[in-house]
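The values are calculated or read from the model by the stated rules, or taken from the named source; none is laboratory data. Since the structure is predicted, the reported quantities are computational estimates derived from the model, not experimental observations. A quick note on method: Cβ atoms are made from the backbone with ideal geometry, for glycine too, and the neighbour counts reach across all protein chains shown. Accessible surface is based on the protein model in full, side chains and every heavy atom, while ligands, DNA and RNA are left aside. Shrake-Rupley method; radii C 1.70, N 1.55, O 1.52, S 1.80 Å.
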Amino acid sequence: MLRVKAGDIDKMGLLFERYHRPLFAFLYHMTGQAQACEDLVQNVFYRMLKYRHTFNGEGEFRTWMYHLARNILNDSFRQTERWGGHPFDIADLTDKLGGGISADEQLEKQQELDALHAALGKLSPEHREVLVLSRFQELKYEEIAAILHTTEGAVKVRVHRALGELKKIS
């Protein structure tokens with residue numbers, strides 16, 4: 001990212017190749033809509049270019065990237081609410097399972113995924129976000145604390161409470 005900031009815009013393609021899948025996964029777990037996530041990912045990379053001057057290299061790039069993604073997600077929620085719609089519908093899952101598994105196994109796995117996504121959809125956005133960052137994106141608590149502008153201890157408490165709430169729901 002420091003090279004992009006210095007004017008080597010071609011390096012943005014490398015960043016996209018490395019980070020678009022984890023970023024898509026984060027946004028998908030937050031929204032449940034694959035098509036909307038494609039647009040959100042593009043917006044994140046657009047903002048990376050637009051605000052490249054704000055990346056100072058002191059912190060980790062992923063922290064800065066997820067901070068931008070959170071802002072875009074929040075903007076999207078606010079814009080959707082302003083127009084009277086519902087931001088995202090967790091029940092609108094279109095992912096297909098691949099591989100050579102039997103139809104029964106595929107159905108069972110899909111039902112488990114549907115139950116997990118439904119339970120995640122019932123969590124508060126704050127609890128869903130810390131679980132997605134810690135469990136699905138596998139970020140360290142220190143990185144999550146930097147993204148959320150809080151302490152590592154506060155993140156641990158939020159994750160613990162979110163897991164408790166998730167257990168109650170499921």
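What's the number of the only condition in (1) under 15 Å from Val132 (Cβ atoms); (2) open to solvent by less than 60 Å² (accessible area, probe 1.4 Å); (3) modelled with pLDDT of 85 or more that Arg21 fails to meet?
(2)
Would you mind stating whether Ala69 is farther than 18 Å from Cys37 by Cβ and either at pLDDT 85 or above or not basic (Lys, Arg) (or both)? Can you show your working first?
Details: farther than 18 Å from Cys37 by Cβ: no; either at pLDDT 85 or above or not basic (Lys, Arg) (or both): yes.
No.
Take the residues of the stretch 101-146 that are outside any helix (DSSP H, G or I) and either touching a Lys or Arg at 6+ places or on another chain (Cβ under 8 Å) or open to solvent by less than 90 Å² (accessible area, probe 1.4 Å) (or both): which is modelled with the lowest pLDDT?
Let us first name the residues in the stretch 101-146 that are outside any helix (DSSP H, G or I), namely 101-102, 123-124, 137-140.
Next cut, either touching a Lys or Arg at 6+ places or on another chain (Cβ under 8 Å) or open to solvent by less than 90 Å² (accessible area, probe 1.4 Å) (or both) only: 101-102, 123-124, 137, 139.
Values: Ile101: 53, Ser102: 59, Leu123: 86, Ser124: 88, Gln137: 86, Leu139: 89.
Filtering the stretch 101-146 for residues that are outside any helix (DSSP H, G or I) and either touching a Lys or Arg at 6+ places or on another chain (Cβ under 8 Å) or open to solvent by less than 90 Å² (accessible area, probe 1.4 Å) (or both), the one modelled with the lowest pLDDT comes out as Ile101.
Step by step: first the residues of the stretch 29-46, then only those that are farther than 16 Å from Arg3 by Cα, crowded, with 17+ Cβ neighbours inside 10 Å and modelled with pLDDT of 90 or more, then the one that is farthest from the chain's Cα centre (by Cα). Which residue is that?
Result: Asn43.
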